[in-house]
Structure formats: C-alpha cells, structure tokens
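Report on the following structure.
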Amino acid sequence: MNILIAVPTFENIYPDTFKSIYDLDPAGHKLFFEFVRGYDCATARNNIVFKAQDMDVDYVLMVDNDVVLPGDVLRNMLELQVDVCLGYYAHRGPKNEFTGTTSVCKLGEFNYTWQYTDKELKELREKGLHKLQIHGGGMGCALIKMDVFRRIPYPWYDWVNYHDVNHGMLSEDLYFCEGCRKADIPIYTDTRAGCGHMLRRIQFME
C-alpha cells in the first residue's frame with residue numbers, strides 16, 4: 001500500500017518529530033512525506049487530503065509538528081484494519097500545561113471532555129485490548145483510509161463555534177470526528193500508540 005505521511009504546520013517541524021517520522025517502520029508499505037506550511041490548521045489538513053487524492057495513496061497519516069511517534073505506531077495501527085485510527089498523546093490545557101489526560105475521548109460524550117487518562121489506556125493495553133472505539137480526539141497522529149474522504153462532505157476540517165463545546169470552539173480535528181460520526185464511520189484508537197508531545201520537553205505516554 002501507498003501511505004502519505006503529512007504534517008500541517010504554520011511554521012516549522014520539531015526535529016524530534018521529523019526524526020520519529022524518518023525512523024518509522026514502513027511495515028512493507030511505500031511511504032511518502034509532505035508538509036503544508038503557512039495556513040491555519042484546518043486549511044492545511046484539507047490541502048493535505050487534496051495532495052493525497054492527487055497521489056492516489058491508500059492512507060494518509062497526519063502528524064502534528066510537535067508530536068513524536070513510536071517507531072511501531074504505523075505498523076500497529078494498520079494491523080487494526082479500521083478506517084480511522086488515532087494515536088494518543090498528552091493533552092495540554094488552556095495554559096499550555098500537561099493535564100494528565102490524553103488526546104482521545106471516551107465513547108458517548110458529545111462535548112469531548114471525557115478523555116482517557118494514560119493509566120486507563122495502559123491498563124487496557126496490558127489486558128490485551130488494542131483496538132478501542134472512541135468518540136473522537138486530536139489529529140496529532142491520525143491514520144485515515146482515503147475512502148473516508150469520499151464518504152464525508154468537504155470541508156473535511158473546519159473551525160466551528162459551538163457554545164456548549166470546549167468553551168465555544170469545536171476544533172478542526174473534532175469537526176472531522178463529527179463528520180465521521182454523522183456518516184456512521186467509527187473512530188478507534190490503538191492502545192499501543194502512545195506518542196510524545198512537545199512543550200519545551202517531550203511528554204511521552206507510557
């Protein structure tokens with residue numbers, strides 16, 4: 001299979017992020033790399049999808065410019081054979097601090113405030129549960145089958161105001177998740193896909 005790995009970034013990519021992409025296990029697949037610079041995140045993600053469509057790849061792996069991937073994350077997520085699979089990483093709060101929760105949310109909560117903790121995901125992983133359906137989450141590490149973008153309407157990513165969601169803002173990644181939910185496309189996380197998140201240092205999930 002052909003997989004486009006793409007980074008939406010307004011400015012630059014952290015060296016640790018790029019090194020983690022370079023070190024990914026290709027799992028026998030052909031990998032391509034691209035980044036989109038100078039746009040807001042929603043526009044950058046939409047442009048990434050257009051690029052992936054032009055390249056006629058099978059999957060796109062979106063990686064935020066401050067997320068550090070474990071080397072086996074692509075192989076593990078492909079193993080689950082789902083349309084949308086999110087890796088997870090430390091969530092940052094309103095003051096840019098790490099909160100102890102992760103970027104993925106438990107199934108059944110519309111307002112995206114019921115987030116898994118690293119401890120909860122670790123316990124599920126240790127029990128042998130790797131494929132976990134979720135309500136949605138951040139796109140900092142998101143493996144998406146290209147067929148998904150034919151099943152949900154454009155724009156796939158957008159900024160939308162909801163007065164009861166995240167203090168009035170539904171971010172572009174959660175907008176995509178809502179599009180998937182409306183199209184009955186389930187979203188999963190891989191409990192093995194704990195990534196690092198930069199904030200002057202790398203905060204890794206266990």
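All of the numbers you see were taken from the coordinates with simple rules; none came from a lab. Because the structure is a prediction, the values reported are computed rather than measured. Positions of Cβ are backbone-derived with ideal geometry, glycine not excepted, and every protein chain shown enters the neighbour counts.
By the helix-only formula, in which each DSSP H run with n ≥ 4 contributes -39500 (n - 2.57) and the sum is divided by residues, the chain has a 222 nm mean residue ellipticity of -7500 deg cm²/dmol.
Shown for D58, D64, D40: other C-beta atoms within 10 Å of each C-beta, ranked fewest to most, produce the order D40, D58, D64. Between amide H atoms placed 1.01 Å from N, distances below 5 Å from W114 occur with K106, all of them 5 or more places distant or on a separate chain.
Annotation: the residues T99, T43, T189, T9, sorted from fewest to most other C-beta atoms within 10 Å of their own C-beta, follow the order T99, T43, T9, T189. For V60, V67, the sequence from fewest to most other C-beta atoms within 10 Å is V60, V67. So which of K106/K182; K131/K182; K30/K106; K30/K122; K51/K106; K106/K131 end up more than 23 Å apart, counting from Cα to Cα? Where the Cα-Cα span goes over 23 Å, the pairs concerned are K30/K106; K30/K122; K51/K106. Rounded to the nearest 0.05, the FRET efficiency derived from the C-beta distance between K119 and L199 at R0 = 22 Å is 0.65.
From a point 7 Å beyond the Cα of F50 in the direction of its Cβ, which residues of segment 1-20 have a backbone N at a distance under 17 Å? The answer is 6-10, whose backbone nitrogens lie closer than 17 Å to the label point. Can you bin the chain into rounded, prolate or oblate? Criterion: square roots of the alpha carbon gyration tensor eigenvalues sorted a ≥ b ≥ c, rounded for a/c under 1.5, prolate for a/b above b/c, oblate for the rest. Rounded is the answer for the chain, as its axis ratio a/c remains below 1.5.
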